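Remarks on the structure that follows.
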Amino acid sequence: MSRIYLWALSFLFVAIALLPILYLVSHSLGIGSEIELGAYTALLRGRTVRLLLHTVGIGAAVAISATFLGLVLGFIISKNNLRHGQLLTILLLVPLFLPPYIFAVAWVDFFVVLGMSPSVIYSPAGAIFVLTIIYTPIAMLLLSNSLQNINASLEEAAMIMVPYREAFFRIILPLVKPALLSSGLLIFILAISEFSVPAFLSVQVMTTEIFTQFSAFYDFDSAIILSGSLIFLCTIGLLAESSYLTDKPFLTIGSRNGRSGYTASDKDKKKWLAVAGGYLFCSTLVPIALLAVQALSPGLQHLAQAFDYLKAEMWQTFLYACWGALLLVLFGFGFSYLKGRKTARAVDFMLILSFALPSVVTGIALIRYYNTPALNFIYTSPLIIIIAYLMRYLFVAEKILHNRLMQIPASLEQAALVSGATKWGALWQITVPLVADALFGAFVISFIFCMGELGTAIMVYPPGTSLLPIKIFTIMANAPQSLTSAMCLVALLFTGSVTGGLFALWYIKRRVTARYGRS
Amino acid sequence: MAEVELRNVSKSYGKKQVLQDITVEVKKGDLACLLGSSGSGKTTILKLLAGFEAPDSGEISIGGEVVSGNGKVTVAPHKRGIGYIFQDLALWPHMTAFENIAFGLKARKEPDYRIKVQETAEWLGVKDSLDKYPSQLSGGQQQLVAIGRSLVLQPRVLLMDEPLANLDVKLKKVVREKIIELKEALGITIIYVSHDHREAFSLASQLIILNGASVEAIGTPEEIRQSDSAFIKYFIEL
């Protein structure tokens, strides 16, 4: 029975989110469109080839450096049993949840406030640097999970014979090789798909070119063909590694198991804590602090101005992000529950593909598909934004919920069924309360992502709609740096305070329930 | 002189006391069997002896040298001269049987490691399986490769964590005979963890019975059989 529901849900997702991509791919191949041959030959032009190589080069550099840093951080958080290790892990994840453009602005501020020339950051090397910091948490999550899952006795068997350093390089590293490769590949795909960072740092890559061709030159044919080539690149990469990536529980809320064979000495723990703390300080805390310093450099004037510019967008963004997060949780729970303990590779691949596609490509796909007489009612309404959120982040929400559901023994629901509960009753009374923490976590994470979404929203936002990231991105092109920073700070504080408020409510509810029971 | 000695060793995980004031001596060449029910701290003793963990208090000596004490591991696992056969065998899946057995010898940069691996494999009867990966070996062959990986380094103490637990009756007999053979041939000290008293009585020259977090009794199988302890009587009857 659940297979039928899974098919129905998959069909719905395909109809609203995947068909636009297929439609775009078919158009880029000239099926159902009238793209001139000249547009295809443009792909072979020196400039396009250079752009493609440039994009691949940046993606590869980000993948290598972020995977290396992720391995070090993953080792620190998974193998050292540090005090406040969970807090450290959450703090190290911050760059992943901040809108990428805010990070780019923060790093420009780093150079401006410290009196250095920001030209260093307005370069491919700068883009590599910023993207590395943004994507290192993904590598850290994947690799810490893989390191945690290594059978402790495999490590111990080596430690009997050689020092831990040698055991790490000869036994542990080969065992996490699949995770290293997958992490590198996923980050490569995400890096070549990223739009806002290269756009803000004026670095020419495929995504910025597609955006320019589409939005500035109205050369839709070129934009579609370039999008098709980027979709091809992402799909090939994902096909190679999707089975590994979709199987890994790297986004887990709730209990995690795994015993480490390695017990770090107090001295080593201090050393590793200093490394992780130093990285956190330099990569995240300093640029964000300097963003605040830059925003406040002319006094409160720019902050007030930024607030004034953005106040209308705040409510609208909040509302859309709430709807987006709610829908993401519903779809995510639906998929994860209906998949159950079985593998559903087609569903997994569908979700990871829509997640990893470049945001501007997703935007073009949505425009081409929905900007038709039959579907115009969606295209001209805020629904198009919600669909964009669904396409971009359903993989994340589903992953969080599926991992949590997998931790709950099937026998708990089965016990309810044999006690006379209906399928829905068992789901509502047994499973949902047990995954409430993950439902909340998935909502908050989806909300944060939706609040910061720029690449797709900037392509599809309908008339009368104005969102925080779009407004900031539009103004920042001609605004002084301190005003740009002030707008980013306002967006950051707004998202942070809403998220903080949600967590406070959750915490209070848990305390009250723990103290007085559910009634 | 005792080859292995635990003096007043205590260990807890969080609030759970796993070992409390344990004092045990095992003589050179003995096969001592740690016997007790689940959760009685048998494997923890092996982990402490191996140096994977430090005791909260007390002292551990191997060959007269203090290897752990004052809550710290003072001699690293690879410098203790021990071998360890894990319950799940812990054969490295990305290495062949040959590479598994040769790993420690290569780390020591022994030039004739190939010959030593071949000799050990021949003695254990797994010479023909050396180029296979663990997943391609039968359960018994995996067990023998795990034994070979430890033995090839000629440890002075061999720690075995329920090595027969996952084998069928036939394979149990083969591996049990190999263990007796290696003890007699090499004269190494073996500390063997088991929860099966029949297995323990048939193999051990010394039995250490654990109950809760403490030692209930120490003695030869005969002495233990004649013990008046209600726990031992109950345990043996099970």
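Across the range B:105-119, the number of residues qualifying as acidic (Asp, Glu) and either in a loop (DSSP other than H, G, I, E, B) or within 11 Å of chain A (Cβ to nearest Cβ) (or both) comes to 2.
Kindly check whether there is at least one residue in the range A:241-250 that is surrounded by 20 or more Cβ atoms within 10 Å (Cβ to Cβ), at pLDDT 80 or above, assigned to a helix (DSSP H, G or I) and more than 14 Å from chain B (Cβ to nearest Cβ). No; the residues of the range A:241-250 include none that is surrounded by 20 or more Cβ atoms within 10 Å (Cβ to Cβ), at pLDDT 80 or above, assigned to a helix (DSSP H, G or I) and more than 14 Å from chain B (Cβ to nearest Cβ). Restricting A:Leu285, A:Leu300, A:Leu310, A:Leu291 to those that are among the hydrophobic types (A, V, I, L, M, F, W, C), in contact with a Lys or Arg (Cβ under 8 Å, 6 or more places away or on another chain) and over 17 Å from A:Phe75 (Cβ atoms) reduces the list to A:Leu310. Would you confirm, using the coordinates I've provided, whether B:Ala102 is more than 14 Å from chain A (Cβ to nearest Cβ), among the aliphatic types (A, V, I, L, M) and either buried (at least 17 other Cβ atoms within 10 Å of the Cβ) or in contact (Cβ under 8 Å) with a residue 12 or more places away in the chain (or both)? When the stated conditions are applied, B:Ala102 does not pass them. Does the range A:273-292 contain any residue that is touching a helix residue (DSSP H, G or I) at 6+ places or on another chain (Cβ under 7 Å), more than 19 Å from A:Gly126 (Cα to Cα) and either of a type in the set (Phe, Trp, Tyr) or modelled with pLDDT under 90 (or both)? Within the range A:273-292, not a single residue is touching a helix residue (DSSP H, G or I) at 6+ places or on another chain (Cβ under 7 Å), more than 19 Å from A:Gly126 (Cα to Cα) and either of a type in the set (Phe, Trp, Tyr) or modelled with pLDDT under 90 (or both).
Of the residues making up the range A:426-436, one or more are crowded, with 20+ Cβ neighbours inside 10 Å and in a helix (DSSP H, G or I). Of all the residues in the range B:26-68, those that are surrounded by fewer than 24 Cβ atoms within 10 Å (Cβ to Cβ), at positive phi and within 14 Å of the chain's Cα centre (by Cα) number 1.
Restricted to the range A:300-396, the set of helices (runs of 4 or more DSSP H) holding at least 2 residues that are free of Cβ contacts under 8 Å to residues at least 40 places away in the same chain comprises A:301-339, A:376-379.
Residues are listed down the side, and each one gets a yes or a no for (1) within 14 Å of chain B (Cβ to nearest Cβ); (2) at pLDDT 90 or above; (3) surrounded by 20 or more Cβ atoms within 10 Å (Cβ to Cβ):
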| position | (1), (2), (3) |
| --- | --- |
| A:Ala157 | yes, yes, yes |
| A:Val162 | yes, yes, yes |
| A:Ala167 | yes, yes, yes |
| A:Pro178 | yes, no, no |
| A:Ile189 | no, no, yes |
| A:Val197 | no, yes, yes |
| A:Leu201 | no, yes, yes |
| A:Gln204 | no, yes, no |
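Residue-by-condition table, conditions (1) aliphatic (A, V, I, L, M); (2) surrounded by fewer than 13 Cβ atoms within 10 Å (Cβ to Cβ); (3) more than 27 Å from A:Leu190 (Cα to Cα):
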residue	(1), (2), (3)
A:Gly455	no, no, no
A:Leu468	yes, no, no
A:Ile472	yes, no, no
A:Ile475	yes, no, no
A:Gly501	no, yes, yes
A:Ala504	yes, yes, yes
A:Lys509	no, yes, yes
A:Val512	yes, yes, yes
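Tell me, yes or no, whether the range B:17-25 has at least one residue that is under 16 Å from B:Val215 (Cα atoms), within 14 Å of chain A (Cβ to nearest Cβ), open to solvent by less than 10 Å² (accessible area, probe 1.4 Å) and not in a loop (DSSP other than H, G, I, E, B). Scanning the range B:17-25, I find no residue that is under 16 Å from B:Val215 (Cα atoms), within 14 Å of chain A (Cβ to nearest Cβ), open to solvent by less than 10 Å² (accessible area, probe 1.4 Å) and not in a loop (DSSP other than H, G, I, E, B), so the answer is no.
Residues in the range B:79-98 that are in a helix (DSSP H, G or I) and either at the interface with chain A (Cβ under 8 Å from one of its Cβ atoms) or closer than 29 Å to B:Ile45 by Cα (or both): B:Lys79, B:Ala97.
Look at (1) surrounded by 22 or more Cβ atoms within 10 Å (Cβ to Cβ); (2) in contact with a strand residue (DSSP E or B) (Cβ under 7 Å, 6 or more places away or on another chain); (3) outside any helix (DSSP H, G or I) and you find that B:Ser150 fails only one, number (3).
For the range B:32-67, enumerate the residues that are within 12 Å of another protein chain (Cβ to nearest Cβ) and in a strand (DSSP E or B). Lay out the reasoning, then the answer.
Applying the first criterion (within 12 Å of another protein chain (Cβ to nearest Cβ)) to the range B:32-67 yields B:43, B:46-54.
Scanning the range B:32-67 gives no hits.
Report, by residue number, each residue of the range A:292-308 that is over 14 Å from A:Pro480 (Cα atoms), open to solvent by 50 Å² or more (accessible area, probe 1.4 Å) and among the small types (Gly, Ala, Ser). Residue satisfying the conditions is A:Ala304 alone.
Condition test on A:Ile458, is it in contact (Cβ under 8 Å) with a residue 24 or more places away in the chain, within 27 Å of A:Thr372 (Cα to Cα), assigned to a helix (DSSP H, G or I) and not assigned by the TED database to the domain that holds A:Pro99? The answer is yes for A:Ile458.
The values are calculated or read from the model by the stated rules, or taken from the named source; none is laboratory data. These numbers were taken from a predicted model, which means no experiment stands behind them. Quick reminder, even Gly has a Cβ in these numbers, built from the backbone with ideal geometry, and neighbours come from all protein chains shown. These accessible areas exclude ligands, DNA and RNA; they are computed on the full protein's heavy atoms, side chains included. Shrake-Rupley method; radii C 1.70, N 1.55, O 1.52, S 1.80 Å.
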